[in-house]
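As structure tokens, the structure follows; a few thoughts come after it.
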Amino acid sequence: MSAPRVLPRTLVVRLDSAGDVLLAGPAVRAVAAGSAYTALLCGPRGVQAGELLPGVDEVLEYDAPWVGLEPPQVSRTATRQVLEALTAGRFDRALVLVSYHQSPLPIALLLKLAGVGWTAADSEDYAGALLDLRHRRLPNRHEALAALDLARDAGFALPPGDDGALRVRTPPDTTHLTGAEPYVVVHPGAAVPARAWSPERAARAAAALAAEGHRVVVTGGPGERDLTAKVAGDHGLDLGGATDLRHLAGVLAGARAAVVGNTGPAHLAAAVGTPVVSVFAPVVPAERWGPYGVPHVLLGDQQAECAGSRARRCPVPGHPCLDGVSDAEVLAAVAALLENRPAGVPSTGRTRNDTRNPTRKKNRANPDAGGPPEPGDLPGPGGGSGTERGATV
């Protein structure tokens, strides 16, 4: 009789923002299905999102000096603290999730120093002894699928019945904030200004939605109260600063649709099953960062001069890629998405224990885009996405 398989203690690393962490959710569930204990190492802007992910037993925080819009200075004290936390975790394996333009090697070095026995990551750079599985992602792969590819090639598969969509733990009922009547969310802000409408353009869109008969709920963080007040005006309900990420999930789950830029709440809307009108600036490619797994309509000039620039502030006067989107386009996009849902029926956030396959809805504007992976989308171990086992090239 063979000895029972001993499952590893596994660490998943995603050091970026809330949206990045939410897109890592399917890969995290795959890891959790094959691990005795699953921890997630996040940056400060990703912690709240990490706490929402099914399958996570513990969230660790590290403000890495090579990540973020305002990275901290390199600090021996901070480095020592994260090393101590990682060492105390006694992790057998680690998956480092990074975007296509990032390097996993700084954190891979810390993981080795902390005694993590085996580490996998996507890396275009020679990794020496830092990675036990140097993985190479498929070209132009969506971030959620790229993370799943890495998990799969590292030996972690989604459990039976898990469709690979984004998911969060059951959000709270936020009717006391929104009221009971059907509504559409407009989320005008973004951490990167180039990825959002100008305040004036967002205000006009909210007014157009209200004039069309939609009840508009405007959301934003504590630092965006002036923005949400301007956008809500007299025609929308202003919830700026009224929600943390968990309660924002509840507001989005109750919405008929969300109108939002390329920012964390777009992925949060997808994680609770709400259709998304994605006002998407082409500074990063939509094929990698667009809404995933829900019906959506992509708005914005994807061939604008700023395309692929990763600019944080729009380099083109007038922000034409987004501010050039007309009210008629916004109204048509919302109408197209609502055709698939009866009025007043809220989205249902899939819970930690709900692993049934929901019906795969089609994106009316792009029927083949944005859905969770079919079985053939995920490569088997060692195949498809180009793996390098060991540290040699």
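The values are calculated or read from the model by the stated rules, or taken from the named source; none is laboratory data. Here the structure is a predicted model, which is why all the values come from computation and not from measurement. Reconstructed Cβ throughout: ideal geometry from the backbone, glycine too, with neighbour counts over all protein chains shown. Keep in mind that these areas ignore ligands, DNA and RNA; they rest on the heavy atoms of the full protein, side chains included. Shrake-Rupley method; radii C 1.70, N 1.55, O 1.52, S 1.80 Å.
Please go through the stretch 166-188 and give me each residue that is acidic (Asp, Glu) and out of contact with any helix residue (DSSP H, G or I) (no Cβ under 7 Å at 6 or more places or on another chain), ordered by number.
Across the stretch 166-188, the qualifying residue is only Glu181.
Scanning the stretch 159-184 for residues that are over 16 Å from Asp244 (Cβ atoms), under 18 Å from the mean Cα position of the chain (by Cα) and aliphatic (A, V, I, L, M) turns up Ala165, Leu166.
Scanning the stretch 147-191 for residues that are closer than 19 Å to Asp20 by Cβ and either touching a strand residue (DSSP E or B) at 6+ places or on another chain (Cβ under 7 Å) or of a type in the set (S, T, N, Q) (or both) turns up Leu150, Ala151, Ala154, His187, Gly189, Ala190.
Where in the stretch 26-142 are there helices (runs of 4 or more DSSP H), lying fully within it, with 2 or more residues that are open to solvent by 60 Å² or more (accessible area, probe 1.4 Å) and in contact (Cβ under 8 Å) with a residue 40 or more places away in the chain?
By residue number, 47-52.
Of the residues in the stretch 160-183, none is closer than 28 Å to Ala311 by Cβ and open to solvent by 20 Å² or more (accessible area, probe 1.4 Å). Reported count of residues in the stretch 199-244, each being among the small types (Gly, Ala, Ser), closer than 25 Å to Cys314 by Cβ, in contact (Cβ under 8 Å) with a residue 24 or more places away in the chain and out of contact with any Gly (no Cβ under 7 Å at 6 or more places or on another chain), is 6. Of Ala194, Ala206, Ala253, all but one fail to be in contact with a strand residue (DSSP E or B) (Cβ under 8 Å, 6 or more places away or on another chain) and either within 24 Å of Val21 (Cβ to Cβ) or among the aliphatic types (A, V, I, L, M) (or both); the exception is Ala206.
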